[in-house]
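The values are calculated or read from the model by the stated rules, or taken from the named source; none is laboratory data. Since we're looking at a predicted model, the values are computed, not measured. FYI the Cβ positions are ideal-geometry reconstructions off the backbone, even for glycines, and counts take in every protein chain you see.
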Amino acid sequence: MIPSQHKTTKLFYNKWPYKLVLNHSRARYVRTYGPDAIILDCNSKNQKYHNELDTLDFAKRCTKYWDQEIQLRVENSTMSIFCKNEKLFYEMELDFAKWLREIHAPANRKELDFLMAQNKRRVVCNNLPYEKYKYRIAFKTTMDINLRQSFKTWIEKYGDKASITNHTMQWFDNGRSGYGWNPVMLIEDSATLSMALLFLGGNARYIEEFVLRSSININLEQDNTCQHSASPLNSQTIWEQPA
């Protein structure tokens with residue numbers, strides 16, 4: 001299977017520019033117990049895995065990178081590997097080719113350097129969300145319900161300078177919070193952003209800035225655009241950003 005290729009537009013976990021997605025039936029066991037333990041089990045007469053030689057091969061290849069500067073995320077048979085080092089990324093791409101399903105990397109050296117040089121979150125894109133919004137605020141889900149409602153009343157005065165998902169509008173109005181909510185808002189300009197942050201105090205979880213490729217002198221022939229996380233006030237449409 002030829003892996004799908006994707007351009008990294010923002011750092012994964014605000015840290016990693018490269019990502020490989022692998023599929024192996026024993027991925028969760030390798031992550032939980034470590035590849036050395038899986039190799040011992042594969043070589044044991046008392047332990048037999050389905051497709052044992054394939055599992056042994058996969059575990060042996062994992063040992064080469066287990067102590068490197070990487071981060072793993074495993075869900076069932078899917079293992080995602082994140083890294084910073086370009087050489088390491090290409091080595092893993094070759095080593096895990098048999099199980100590779102997705103490849104994520106910056107479009108070129110300029111975008112890599114740009115993403116890694118930033119002290120705050122930036123999203124590289126061809127077009128701004130809705131052709132106008134430069135910033136995205138994610139709210140802390142522990143934000144006080146009274147402050148939420150006050151903020152909603154206040155921000156509505158700014159009209160289309162702010163764009164909020166219907167999901168977030170519901171969160172503003174009810175007392176529920178915590179897991180399952182992802183309240184966000186798009187902001188048109190830095191002046192409105194500054195005012196919003198003053199109102200929110202410590203209730204902003206993070207801020208992302210959308211940066212046009214053209215502004216960093218990059219002209220790429222591709223259709224990739226920013227994935228939006230908000231829609232105009234009171235709209236039912238919700239755009240989601242890929243993980």
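In the stretch 188-204, the residues that are in the same structural domain as Tyr158 (by TED's automatic domain parsing) and among the aromatic types (Phe, Trp, Tyr) reach residues that are surrounded by 11 or more Cβ atoms within 10 Å (Cβ to Cβ) and part of a helix (DSSP H, G or I) with C-beta atoms within less than 7 angstrom, at least six apart or across chains, in these pairs: Phe199/Phe151; Phe199/Trp154. For Asn224, the criteria (1) more than 19 Å from the chain's Cα centre (by Cα); (2) modelled with pLDDT under 90 hold in every case but one, which is (1).
Only one of the numbered conditions (1) within 17 Å of the chain's Cα centre (by Cα); (2) exposed (fewer than 15 other Cβ atoms within 10 Å of the Cβ) is violated by Lys10, and that is (2). In the set Ala162, Ala117, only one residue is more than 30 Å from Ala27 (Cβ to Cβ), of a type in the set (A, V, I, L, M) and surrounded by fewer than 13 Cβ atoms within 10 Å (Cβ to Cβ); that residue is Ala117. In a residue-by-residue description of the stretch 169-177, the property of being among the charged types (D, E, K, R) and at pLDDT 90 or above applies to no position.
If you check Asn234 against the conditions, is it on the phi > 0 side of the Ramachandran plot and at pLDDT below 50? Steps first, please.
Values: on the phi > 0 side of the Ramachandran plot: yes; at pLDDT below 50: yes.
Here the answer is yes, as Asn234 does meet what is asked.
Residues of the stretch 112-134 that are part of a helix (DSSP H, G or I) and in contact (Cβ under 8 Å) with a residue 40 or more places away in the chain: Leu112, Phe114, Leu115, Met116, Pro129, Tyr130. Considering Ile81, Ile70, Ile137, Ile145, the condition of being surrounded by 13 or more Cβ atoms within 10 Å (Cβ to Cβ), without any contact (Cβ under 8 Å) to a residue 40 or more places away in the chain, under 21 Å from Tyr13 (Cβ atoms) and hydrophobic (A, V, I, L, M, F, W, C) is satisfied by Ile70 alone. Checked against the criterion of being small (Gly, Ala, Ser) and within 25 Å of Phe12 (Cα to Cα), the stretch 41-56 has no qualifying residue.
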